[in-house]
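These notes are about the structure you will find just below.
Any read-out appearing in this document is the output of simple, stated calculations on the displayed coordinates, not a laboratory observation. What you see is a predicted model, and the numbers here were worked out from it, not measured in a lab. Positions of Cβ are backbone-derived with ideal geometry, glycine not excepted, and every protein chain shown enters the neighbour counts.
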Amino acid sequence: MNVTVCISIGIVFLLWIFGNLYRRWKNRNKVIYVIESKCAGCRRCVQRCSHHVLETVEDETGIHAAVKYPGKCAACGNCLVKCKFNALKLVERS
Ligand code: SF4
Ligand code: SF4
């Protein structure tokens, strides 16, 4: 592996790190919110969240995701990209 390739990989890695840090800083006062009417209860977001913020619940409207531990949400957005139904969004913490 030559020097140019190593430098390029290093730059990409640093950009990835800084991108993640910037995203966390920008969303520091936000928390995940479930739009229940759009949620299909597929659990893709639940499985993706490494902070264990989300869970699925069943009520009179059916099975849907719910924000069980909002205090643990890092507003990373990882669950957002997994939802095919556009049922998640980041909102300001109240
Ligand atoms: S935004 Fe991140 S921490 Fe919050 S629920 Fe989604 S995956 Fe979990
Ligand atoms: S990924 Fe979307 S549709 Fe699936 S449970 Fe989560 S919020 Fe609901």
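Assorted remarks:
- Partners of K82 within straight-line reach, counting lysines whose Cα lies under 16 Å from its Cα and excluding those fewer than 8 residues away in the same chain: K38.
- Partner aspartates and glutamates whose Cα lies under 12 Å from the Cα of K68, excluding those fewer than 8 positions away in the same chain, are identified as E55.
- A Förster radius of 35 Å combined with the Cβ-Cβ distance from V91 to L15 puts the calculated FRET efficiency at roughly 0.80.
- With N as its number of residues, the chain has a Cα radius of gyration that, divided by 2.2 N^0.38 Å, comes to 1.36.
- Compared with the dominant principal axis of the Cα atoms in the chain, helix 3-26 is inclined by about 30°.
- In straight-distance terms, cross-link reach from K84 covers every one of the aspartates and glutamates whose alpha-carbon lies under 15 Å from its own, apart from those fewer than eight places away in the same chain; here that gives E36.
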